[in-house]
Amino acid sequence: MKTILTLFSFLTLTAFVGYGQDGVMNATQELKTYTVSENGKEKEFSVKVMEHRNYAMKLNKKDKGMVNQDRKSVPAFVTKLIAIDYDMDTAYDSYTMLKYKGSDKNAFEMSPTDEGFEIRVDDRKMRYNVLDDMYYIKDKNKDFFIIEEFTATP
């Protein structure tokens, strides 16, 4: 039930993007295909990434009470829904929701590893092992990434 609720929440969140909410951005979907070796056999998997950014608005304290107030830059809260398909069918097998505080300068990169793929946001890294269906984050990056995982249910 939690899986369905989480997926529904994210889909609802992305459905109302153009509803007049200034400060919200959804990026295009990114689809990549990688291969890993399992028991000497090459196994393909695909990864789909959808991004949502929420830019909070803060006002300068010195302008309090004024009609026209200057906005203050605040880091965006970035949410990436990462869908992973292990058996190359039409349905995705697992989902990871990755959240972090970002800025316009954050560079999100995803690259293949021997076990799956690695995600880098500036100097912070997270690894995902496709064969074990597990993610790994170094202790120094645990306060940066917020991760929620769920699997597709028939």
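The values are calculated or read from the model by the stated rules, or taken from the named source; none is laboratory data. All figures in this text were calculated on a predicted structure; none of them were measured in a lab. Cβ sites come from the backbone with ideal geometry, for glycine too, and all protein chains shown count toward neighbours. Surface areas here come from the heavy atoms of the whole protein model, side chains and all, with no ligands, DNA or RNA. Shrake-Rupley method; radii C 1.70, N 1.55, O 1.52, S 1.80 Å.
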Picked from the stretch 93-118 (must be touching a Leu at 6+ places or on another chain (Cβ under 7 Å) and within 30 Å of MET57 (Cβ to Cβ)), the residue least open to solvent (accessible area, probe 1.4 Å) is MET97
Could you list all residues from the stretch 66-83 that are among the charged types (D, E, K, R) and open to solvent by 50 Å² or more (accessible area, probe 1.4 Å)?
ASP70, ARG71, LYS72
Filter the stretch 123-137 for residues that are modelled with pLDDT of 90 or more, out of contact with any Asp or Glu (no Cβ under 9 Å at 6 or more places or on another chain) and either open to solvent by 70 Å² or more (accessible area, probe 1.4 Å) or closer than 12 Å to SER94 by Cβ (or both) and give the result.
ARG124, TYR136
Just to be sure, is THR90 in contact with a strand residue (DSSP E or B) (Cβ under 6 Å, 6 or more places away or on another chain) and either open to solvent by less than 70 Å² (accessible area, probe 1.4 Å) or not in a strand (DSSP E or B) (or both)?
no
Can you name the number of the only condition in (1) modelled with pLDDT of 90 or more; (2) assigned to a strand (DSSP E or B) that LYS101 fails?
(1)
If we keep just the residues of the stretch 51-65 that are closer than 16 Å to VAL78 by Cα and out of contact with any Lys or Arg (no Cβ under 7 Å at 6 or more places or on another chain), which is surrounded by the most Cβ atoms within 10 Å (Cβ to Cβ)?
HIS52
Please work out which residue is nearest to TYR92 (Cα to Cα), limiting yourself to the stretch 39-50 and to residues that are open to solvent by 30 Å² or more (accessible area, probe 1.4 Å) and under 18 Å from the mean Cα position of the chain (by Cα).
LYS48
